[in-house]
Amino acid sequence: MSQSSVRTAAVEITPELIATIVGTGGYTHPLFNPPPADAATAPLPGQGVLLMMGGLLEQSGALDHAIALVELKNVRFLKMVSAGTTVSVELVALDAHQTSSGKVIQNYRWTALDGNDVPLVEAHAVMLVNRHERTDAP
């Protein structure tokens, strides 16, 4: 099993970023829309964290060979992400297999980490990739 690992650059989660994702995403739950006096305490929705994880991974270049995200599974939100949190992502390549078309289905573990390396989110990502990366595929 391949265990190559990549760590992305970090991004700081700001109140403006949270407000943009909450507003654009149409989140209505009071947790994400506290009274104006408490607006700075609103957390980033879990789907927003996943969005940030995907963007950080793309920016890292580690998935330049990827064609498409096929599936996210076993997603676990371990800690709430709020303004002031710095987030980076660790990408670990797991097993892979070749498709009949010559592409590769590559499994990855994505872990969002805060600035103290505390895990925030863990997810198993299944991706369709071009074969050029070293994988366990034949």
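Add -39500 (n - 2.57) for each DSSP H run of 4 or more in the chain, then divide by its residues: what number comes out at 222 nm, to the nearest 500 deg cm²/dmol? If you can, show how the numbers build up before the last one.
Details: 2 runs with 26 residues, N = 138.
The helix contribution divided over the chain gives -6000 deg cm²/dmol.
Between Thr20 and Ser100, what length in nm is gained on full extension when 0.36 nm per residue of separation is reduced by their alpha carbon distance?
Taking Thr20 through Ser100 to full extension adds about 24.6 nm, to one decimal.
Given points 7 Å out from each Cα along the Cα-Cβ axis, report the Lys73 to His124 separation in nanometres with one decimal.
The modelled label-to-label distance comes out at 0.5 nm.
Roughly how tilted is helix 15-25, in degrees to the nearest 10 and between 0 and 90, from the longest Cα axis of the chain?
Compared with the principal axis, the helix lies near 70 degrees.
Taking the Cβ-Cβ separation of Thr41 and Val6 as r and a Förster radius of 30 Å, what is the calculated FRET efficiency to the nearest 0.05?
0.40
Note the angle between two axes, namely the Cα long axis of helix 46-60 and the longest principal axis of the Cα atoms of the chain, as a number of degrees from 0 to 90, rounded to the nearest 10.
Taking Cα atoms only, the helix is inclined about 50 degrees.
Just to be sure I understand, if you calculate percent of Cα pairs over 26 Å apart for this structure, which of (1) 15; (2) 29; (3) 25 do you get?
Computed from these coordinates, percent of Cα pairs over 26 Å apart corresponds to label (2).
Given the protein chains as shown and a 1.4 Å probe, how many square angstrom of Arg131 are accessible, to the nearest 10?
110
Calculate, in nm to one decimal, what Arg131 and Ser60 gain on full extension: separation in residues at 0.36 nm each, minus their alpha carbon distance.
Working it through step by step, the gained length comes to 23.7 nm.
Taking the Cβ of Thr85 as the centre, find all other residues whose Cβ is under 15 Å away and add up their charges (Lys, Arg: +1; Asp, Glu: -1).
-3
The values are calculated or read from the model by the stated rules, or taken from the named source; none is laboratory data. These numbers come from a predicted model, not from an experiment. Cβ atoms come from the backbone with ideal geometry, glycine included; neighbour counts cover every protein chain shown. Surface areas here come from the heavy atoms of the whole protein model, side chains and all, with no ligands, DNA or RNA. Shrake-Rupley method; radii C 1.70, N 1.55, O 1.52, S 1.80 Å.
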